[in-house]
Amino acid sequence: GKCALVCPTNALAVVKKPSKPSDELNEEAGSKFNLKDPLPESVKDYAQDNNNKTIRSQVTPVAGGDVWSGVWVIIEYTNGKVAPVSWELLGEGRKLADAIGCGLSGVITGYQVENVIPEAFAYGAEKVYVIDHPILKDYRSEPYAEAITGLVKKYQPEIILMGATSMGRDVFPAIATKLQTGLTADCTVLGIDPETKLLQQTRPAFGGNIMATILCRTSRPQMATVRPRVMAMPERVDGRVGELIQEEFTLEEENFRTKILEFISSDARSAFLDKAEIIVAVGLGIAAKRNMVIAEELAEVLGGTIAGTRGAVEAGWLTHDQQVGQSGVTVRPKVYIAIGISGAIQHLVGMETSDFIIAINNDPEAAILKVANYGIVGDLFQVVPALTAEFKKRLQ
Ligand code: FAD
């Protein structure tokens, strides 16, 4: 019952009080549980009930119908800055809206957001919905989820998109739970099924070994988060105008359980990895933390940012916000230099769209060499210092 009490979206409920203490139940389950056993009646009833209720209240057979209509992009605005993925999604949203034959809107939530409105029109929104409220000054899950959910219930868009940033990954599941609809996180490709007009949401699955295309057939809206820098930035047309809808919402501070006490900013070197133009990335080939200096010297000469693989993070040589890949950051720099990185699929999905890739590896069969524009087969302890010295000479 404790989780149910503190769940910010009221997604959990205790359906039946357990008859015995949980450790006794666990013990019994451990000894008796058998996958072939039919589900207990109580579980079946609940699933059935819940399912029926959801389908009855949410189903809309064809996307693009009268009730749920339009593509929305949630524009992420924090600390006076818009996350660029919001504009990338307005570009992608335009294609989806054209394929369905519906409108494209941007949603801005925050405090004192007026300077963002012209930008949203410039990047292609036809309508902009705004909720401007002091409670939304700093991001918190509960008030943001409440504000956006209220707006969705009122205007009923059929698709809503947001960046797979820390904020998108936090608030979108909360909204999907409140709306009892589906959400596909971390998409890398979006499309529209020409017949049903359903949103095709494609993302890596099973450790990145397959690309899965996911549909949300029976509930609305269809919700997806998309990784930053995967979609192209659309053209900005300053001076473009559209319809502005300012929404008044009653948000009361005492209804929210979290307060912002203090901001502690993360290491400035790694905080903007997804925007870095030159990345020097290290893998387990670098062998020890003391050898990081080789990569750091190269980064220093090129004005680059240090990043790396999950292996390097788990070894304690880098922090998690420096990890590139499926469970880290997606990057798209002008130059990506991979030092002692094998090129596992989970790493490649986070960097293979870089403009230019240089890989240094002593194994000629390493997968990273297959995606590299320049592959240098050799010992990194010789190659990297030689590169640093040569760049130093040429750039001085
Ligand atoms: P290794 O695979 O051990 O490669 C080291 C490379 O260094 C080798 O190719 C070797 O030839 C080369 N080398 C060694 N010595 C030298 C030398 N002296 N000179 C030159 N080259 C040398 N990984 C990520 O990176 N990002 C993720 O987000 C991520 N998410 C994951 C999610 C899941 C669900 C799973 C299962 C795995 C994930 N991984 C991720 C881990 C991934 O599968 C790999 O294990 C990891 O990327 C390997 O890291 P690496 O290339 O540093 O190490």
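So here's what we get for this one:
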item	result
The stretch 350-366, residues that are more than 7 Å from the ligand (Cβ to nearest atom) and open to solvent by 40 Å² or more (accessible area, probe 1.4 Å)	Glu352, Thr353, Asp355, Phe356, Pro364, Glu365
Subset of the stretch 377-387 (residues that are near the ligand (Cβ under 9 Å from one of its atoms) and either touching a residue at least 12 places away in the same chain (Cβ under 8 Å) or under 35 Å from the mean Cα position of the chain (by Cα) (or both))	Val377, Gly378, Asp379, Leu380, Phe381, Val383, Val384
Subset of the stretch 172-212 (residues that are more than 20 Å from Val329 (Cα to Cα), free of Cβ contacts under 8 Å to residues at least 24 places away in the same chain and open to solvent by 60 Å² or more (accessible area, probe 1.4 Å))	Glu195
The stretch 191-219 - residue that is more than 16 Å from the ligand (Cβ to nearest atom) and in contact with a helix residue (DSSP H, G or I) (Cβ under 6 Å, 6 or more places away or on another chain) and, of those, modelled with the lowest pLDDT	Thr218
Meets criteria (modelled with pLDDT of 90 or more and hydrophobic (A, V, I, L, M, F, W, C)) for Leu244	yes
Tyr374 buried (at least 23 other Cβ atoms within 10 Å of the Cβ), aromatic (Phe, Trp, Tyr) and either within 13 Å of the ligand (Cβ to nearest atom) or more than 22 Å from the chain's Cα centre (by Cα) (or both)	no
Options Lys275, Lys259: the member that is basic (Lys, Arg) and touching a helix residue (DSSP H, G or I) at 6+ places or on another chain (Cβ under 9 Å)	Lys259
Given (1) over 24 Å from Phe272 (Cβ atoms); (2) in contact (Cβ under 8 Å) with a residue 60 or more places away in the chain; (3) among the hydrophobic types (A, V, I, L, M, F, W, C); (4) open to solvent by 50 Å² or more (accessible area, probe 1.4 Å), number of the condition Phe391 does not satisfy	(1)
Single unsatisfied condition, Glu365 versus (1) acidic (Asp, Glu); (2) over 25 Å from Glu88 (Cα atoms); (3) under 27 Å from the mean Cα position of the chain (by Cα)	(3)
Any chance Phe391 is over 25 Å from the mean Cα position of the chain (by Cα) and either within 24 Å of Asn209 (Cα to Cα) or within 14 Å of the ligand (Cβ to nearest atom) (or both)	no
Test: residue in the stretch 233-251 that is within 30 Å of Ala315 (Cβ to Cβ), under 21 Å from the mean Cα position of the chain (by Cα) and either open to solvent by 20 Å² or more (accessible area, probe 1.4 Å) or of a type in the set (Ser, Thr, Tyr) (or both)	no
Unique residue being in contact (Cβ under 8 Å) with a residue 40 or more places away in the chain, in contact with a Pro (Cβ under 8 Å, 6 or more places away or on another chain) and in a loop (DSSP other than H, G, I, E, B) when the list is Asp238, Asp274	Asp238
Members of the stretch 303-347 found to be closer than 18 Å to Gln382 by Cα, open to solvent by 10 Å² or more (accessible area, probe 1.4 Å) and more than 12 Å from the ligand (Cβ to nearest atom), listed by number	none
Residue among Thr330, Thr319, Thr309, Thr353 that alone is more than 25 Å from Ile210 (Cβ to Cβ) and either of a type outside the set (Asp, Glu) or touching a residue at least 12 places away in the same chain (Cβ under 8 Å) (or both)	Thr319
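The values are calculated or read from the model by the stated rules, or taken from the named source; none is laboratory data. A quick note: this is a predicted structure, and the numbers were derived from the prediction, not measured. Positions of Cβ are generated from backbone atoms using ideal geometry, with glycine treated the same way; all protein chains shown enter the neighbour counts. Note: areas computed on protein heavy atoms with side chains; ligands, DNA, RNA excluded. Shrake-Rupley method; radii C 1.70, N 1.55, O 1.52, S 1.80 Å.
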